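What follows is a single structure, written as structure tokens, with notes after it.
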Amino acid sequence: MRRAFAWRQSHAFGCSLFLSVYSITLRIEPSRIRARQGNRWAATDFPLPKVSAKIPLSLSQQSDHQTRRVEIETIAVLGAGTMGHGIAQVAAACGYRVILRDTERAALARGVQAIEKNLAKGMQLAKVTEAERDLTLQHIRGAVNLAETRDADLFIEAAPERLELKRAVLREVEAVAVRPFIFATNTSALSITEIARDAARPAHVVGMHFFNPVHLMRLVEIVTGAQTSAETVEAVRAVAGRMRKEPITVRDVPGFASSRLGVALGLEAMRMLEQEVASARDIDTAMELGYNHPLGPLRLTDLVGLDIRLHIAEYLHRALGSETFRPPEILRRMVEEGKLGRKSGEGFYLWDD
């Protein structure tokens, strides 16, 4: 299948990019969603156009003290869950080559379907054109084998919030990568310095905290570890800017800026519910109408996942020693009962989607 696009500016559901005239050739299979559109998730490599998504930077080669100039053209997103597939979507919409990798084929398939669903909704809202949808999907391919990401210039890790797991992913990437790369972790609370502790090049490890849903939320929190270089920070800020995100830079402290504030508010809302101050809906309405928050803290917790909130709260309680972050009993009980929020169908609210 070949498609041609004329030079114009495009806004692909929250992303601005310039497209030059080119044609794309794809090897396709029938899609689970739309057989007409084709499946872009074959394990083999695919030809991609050269697009103006190159972010030049210099990365120090610590082994020989030489500096090589690297252009960020290919981004590997490690993890196809809620955050991973969202990051893959916005990166592809801006013209990057994207490899979306997950260890499980079923999880990868769910990530693919979520991206297609997001783009379909964007088309319904007249925020995405058919050409923009096709371009986004053509820039993504899926992978289960980590070796298929070896040529990436930027790895964005979106694994679960466990320190040892994130360290292990970094070690695995170092073992397969064939060129200098930046490793950006999407952690919302864990220490960047600790994740990079045993890294071969800790200067190239940085936090890049996106927010859910990624294709709609504009903030990206850039977190600098103890050894993160200024060049690395500059590079990921440029990538975030191309995605039409608003990057802020924060120091590597527990919870950074956003999670520390957001979790504190969410836990206090849970305590108020526990104490029967008001219903979940009324507590949320108080923040939405009284403080102009787009979502109340309990509804937001349902979207994030109660299990994730609990894990972060426990980490912050240990790291900061503050009672503010001690998880309330209602949170522990609901997680034990499997009431994890939207993903399980029930949390502080009932969900039917």
message = Give me the three principal axis extents of the range 275-353 from the C-alpha atoms, as integers in angstrom, largest value leading.
response = 32, 28, 22
query = Around Gly225, which amide H atoms from residues at least 5 apart in sequence, or from another chain, sit under 5 Å from its own amide H, with H modelled in the peptide plane?
reply = Gly207
request  = Would you kindly compute the Cα radius of gyration of the range 223-265 and its largest Cα-Cα separation (Dmax), both in Å?
outcome  = 11.8, 34
task = Once you have the Cα-Cα distance between Leu350 and Glu172, take 0.36 nm times their residue separation minus that, and quote the gain in nm to one decimal.
result = 60.2 nm
ask   = What full-extension length gain, to one decimal in nm, is calculated for Arg271 and Ala109 as 0.36 nm per residue of separation minus the Cα-Cα distance?
value = 54.5 nm
task = Show me 261-270, 148-157 ranked by packing, highest mean number of other Cβ atoms within 10 Å first.
result = 148-157, 261-270
request  = Give the Debye-formula value of log10 I(q)/I(0) at each listed q (0.23, 0.29 Å⁻¹), with one equal scatterer per alpha carbon of the range 167-209, two decimals each.
outcome  = -0.73, -1.13
remark   = Taking 0.36 nm per residue of separation between Glu164 and Lys121 and subtracting their Cα-Cα distance, the length gained on full extension comes to 11.8 nm
query = Excluding Glu246 itself, what net charge comes from residues whose Cβ is under 11 Å from its Cβ, given Lys and Arg +1 and Asp and Glu -1?
reply = +3
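Only the coordinates and a few stated rules stand behind these numbers; no lab work does. Only a predicted model underlies this, so the values are computations on that prediction, with no experimental measurement involved. Because the Cβ atoms are built from the backbone with ideal geometry, glycine has one as well, and the counts that use them run over all protein chains shown.
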